[in-house]
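Peer 1: Right, I'll just put the structure down here and ask away after.
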Amino acid sequence: MIGQSNVVQIPKTSPKQRSALRLAKLIQKRRIERGISQADLAQEIGVSLSTVVKWESQLNPTLPSRVVRKPILNLLDIDIDNMIESGELELMG
């Protein structure tokens, strides 16, 4: 149609969604750098493979629960406090 744009509209995201996306990218990056498969990460921390896939999803990432967050961060050497202080992540619930 005349006058219509082919520009894709990107929905606005909340601070929690942005934090989840940043953390998803970081979990995936660190996991790959360390040669750990998604299945191995899932087994190491006691969750299903589909849970790890959800954490790393670039379309709709979810935040790891508080119960498994610390083991993931320790295993992948991720310093959440530094990320919050630098503004890279918003405070997570």
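Peer 1: Does E56 satisfy the criteria of being modelled with pLDDT of 90 or more and either closer than 27 Å to G87 by Cβ or more than 16 Å from the chain's Cα centre (by Cα) (or both)?
Peer 2: Spelling it out, it is not the case that E56 is modelled with pLDDT of 90 or more and either closer than 27 Å to G87 by Cβ or more than 16 Å from the chain's Cα centre (by Cα) (or both).
Peer 1: Let me ask another. Six or more apart or on different chains, Cβ under 9 Å: which pairs go from a residue in region 4-29 that's open to solvent by less than 100 Å² (accessible area, probe 1.4 Å) to one that's modelled with pLDDT of 80 or more and aromatic (F, W, Y)? Could you list them?
Peer 2: Every condition considered, the pairs that remain are A20/W55; L23/W55; A24/W55; I27/W55; Q28/W55.
Peer 1: For region 54-93, give me each residue that is in a helix (DSSP H, G or I) and surrounded by 15 or more Cβ atoms within 10 Å (Cβ to Cβ). If you could, list the steps in order and put the result at the bottom.
Peer 2: From region 54-93, those in a helix (DSSP H, G or I) are 54-56, 66-75, 80-85; that's our starting set.
Selection gives K54, W55, E56, V68, R69, P71, I72, L73, L75, I80, M83.
The values are calculated or read from the model by the stated rules, or taken from the named source; none is laboratory data. On a predicted model such as this, the values are computed, not experimentally measured, just so you know. Don't worry about glycine lacking a Cβ; one is built from the backbone with ideal geometry, like all the others, and counts go over all protein chains shown. What goes into the accessible areas is simple: the full protein's heavy atoms, side chains included, and nothing from ligands, DNA or RNA. Shrake-Rupley method; radii C 1.70, N 1.55, O 1.52, S 1.80 Å.
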